[in-house]
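Everything on this sheet refers to the single structure shown next.
Please treat every number below as a calculation from the coordinates, not as lab data. Note that the structure is a prediction, hence the values are computed from the model and not measured. Reconstructed Cβ throughout: ideal geometry from the backbone, glycine too, with neighbour counts over all protein chains shown.
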Amino acid sequence: TVGAVALDSHGNLAAATSTGGITNKRYGRVGDTPIIGSGTYADNETCAVSCTGIGEQFIKFNVAYDIAARIKYKGESVEKASLENIENRLNKDDGGLIVVDKYGNYSLPFNSNGMYRGIYCSDGVFDVKVW
Amino acid sequence: MNKLVLLIHGGAGNIKKSDSEEKFKRHLKGLKASLEAGRKILEEGGTALDAVIASVKVMEDDPSFNAGKGSVFTHNEKNEMDAAVMDGKTLNNGAVSGVSNVKNPILLAKKVLEYKDHSFLANEGALEFAKENGLDIVDNEYFKTEVRYNQLLKARGEKKIALDHDIDEEKYG
C-alpha cells in the first residue's frame with residue numbers, strides 16, 4: 001500500500017492512499033486501507049492521515065478518523081493521537097500510518113518492524129527510511 | 001509562506017534487513033521520486049491535493065510497490081485495486097475498490113472526488129466511470145510482475161493469504 005499526506009502553502013491538507021491489497025485474497029475483498037475514515041482522511045481543521053497495513057483492522061477501529069477526532073475533540077497532539085491508535089488500539093504488526101496536522105506537525109508511527117516512508121518539510125528535511 | 005509538509009509511505013511490515021541491497025535501493029529510489037514529485041508541486045504553490053496525487057501516482061507506476069503496476073494478485077490471478085483521496089479544504093472525497101484494468105486507481109479516485117453525486121464506486125461501475133472520464137485502461141498483463149506472481153503461487157501452495165510484497169518479508173498492505 002502506498003500513500004501520501006500534505007500541507008500546502010495555503011494551509012490546506014490532503015490525503016491519498018492506493019493499494020493492491022493482499023496476495024491470494026478472495027476476489028471482492030476490499031481493504032489495506034483506502035477507505036475514507038478508516039485508512040484515509042483529511043480535514044483542514046485537524047489533520048491528514050494515510051494508513052498502511054491489515055485493512056480489516058483499520059476498518060474496525062476507524063483509525064484515520066479516530067486520529068482526527070482525538071485532535072479535534074480532545075485536543076491531543078498529532079503524535080499522541082496517532083500513537084494511541086498504533087500502540088493501544090491496533091495489534092502489534094498491524095501496520096503504520098502517516099499524519100500531518102494543520103500546523104505542520106507530523107508523525108509516522110508503525111507497529112511492524114519497518115515501514116517504507118519519506119518526509120519532505122520546507123524547513124530543510126528530505127529523507128526516506130525503512131526501519 | 002506557510003510551512004510545507006509532505007509525507008509518504010510505501011507499505012509496512014516485517015521487513016528483513018537481510019534482503020538484498022539492490023532491492024532496498026530500488027525501494028528507496030522509488031520513495032525519493034515520489035517525494036520529489038509532490039515536493040515540486042508544493043514548492044511551486046500547488047495544492048496539497050495535487051501533491052498527494054502526484055506522489056501516489058509515482059509509486060503506482062513503480063513495480064516495487066503494491067499499488068498500480070506491481071499490485072499483488074487475487075486468488076484467481078487478477079489484480080483488484082483500491083484507492084482513496086480526500087481534500088481537507090472541501091471535505092470532498094473519492095474512493096474506488098475492486099478496480100481492475102485502470103492504470104492509475106488514484107486518478108480514478110480523484111475523478112470520483114470531483115464527481116459531486118457519489119463518493120465511492122466499485123468494480124465494473126468504477127471501470128465504466130474510468131472509461132467515461134478518459135483514464136488510461138490497460139490489460140491485466142500490465143500489472144503483472146514475476147515477483148508478485150511467484151508470491152501468489154507460494155501463497156496458494158501454502159493455502160494462505162500473504163500481506164503485500166515478498167511473502168518472506170511478511171510485509172503488509
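Let me have the 222 nm mean residue ellipticity of chain B computed from DSSP H runs of 4+ only, each contributing -39500 (n - 2.57), with the sum over all residues rounded to the nearest 500. Mind dumping the intermediate values first?
Details: 5 runs with 69 residues, N = 173.
Only helices count here, giving -13000 deg cm²/dmol.
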*Label point 7 Å out from A:Lys60 along Cα-to-Cβ: which residues of the stretch A:86-107 have amide N under 12 Å?*
A:89-92, A:94
*asked:* With an 8 Å Cα cut-off and a minimum separation of 6 or more residues, compute the relative contact order for the stretch A:64-127 in percent.
replied: 24 percent
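Just counting partner chain Cβ atoms within 10 Å, what average do the residues of peptide B:68-81 show around their Cβ? Don't skip to the answer; put the middle values down first.
Working: counts 4, 1, 1, 6, 8, 6, 10, 6, 4, 2, 1, 2, 9, 5.
Mean shielding count: 5.
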*asked:* For the stretch B:107-132 and the stretch B:7-38, what is the centre-to-centre distance using only Cα atoms, to the nearest Å?
replied: 29 Å
*Compute from the Cα atoms of chain B the Rg and the Dmax, the latter being the longest Cα-Cα distance, and quote both in angstrom.*
16.8, 55
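Which of the peptides B:118-124, B:62-68 is most tightly packed, and how do the rest follow, going by the mean number of other Cβ atoms within 10 Å of each residue? It would help to have the intermediate numbers written out before the result.
On the way: B:118-124: 15.6, B:62-68: 26.3.
By packing density, highest mean first, the sequence is B:62-68, B:118-124.
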_Shape verdict for chain A, please, from the Cα gyration tensor: rounded (a/c under 1.5), prolate (a/b greater than b/c) or oblate._
prolate
*Name the shape class, rounded, prolate or oblate, that the alpha-carbon gyration tensor gives for the stretch B:15-87, where a ≥ b ≥ c are the square roots of its eigenvalues, rounded holds for a/c under 1.5, and otherwise prolate holds if a/b is larger than b/c and oblate otherwise.*
oblate
*Rank-order B:79-89, B:135-145, B:99-109 by packing density, defined as the average count of other C-beta atoms within 10 Å over each peptide's residues, highest first.*
B:79-89, B:99-109, B:135-145
_Karplus-derived 3J(HN,Hα), 6.51/-1.76/1.60, for each residue of the stretch B:116-132, Hz, glycine and proline x_ = 5, 6, 10, 10, 8, 10, 9, 6, 4, x, 5, 5, 4, 4, 4, 5, 4
*asked:* Taking each residue in A:92-101, count the Cβ atoms of any other chain within 10 Å of its Cβ, then average. What number comes out?
replied: 4
*Sort the following peptides by mean Cβ neighbour count (other Cβ atoms within 10 Å, averaged over residues), highest first: B:49-58, B:151-160, A:109-118.*
B:49-58, A:109-118, B:151-160
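Per-residue ellipticity at 222 nm for chain A, helices alone: DSSP H runs ≥ 4 residues times -39500 (n - 2.57), over residue total, nearest 500 deg cm²/dmol? Write down the numbers at each step before the final one.
Working: 3 runs with 19 residues, N = 131.
The helix contribution divided over chain A gives -3500 deg cm²/dmol.
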_Fraction of alpha-carbon pairs over 32 Å apart in the protein assembly as shown - percent_ = 16 percent
*Quick one: which of A:Lys102/B:Lys3; B:Lys16/B:Lys40; A:Lys92/B:Lys17; B:Lys17/B:Lys57 span more than 21 angstrom between C-alpha atoms?*
B:Lys16/B:Lys40; B:Lys17/B:Lys57
*Virtual spin-label span in nm between B:Ile137 and B:Asn2, 7 Å along Cα→Cβ*: 3.9 nm
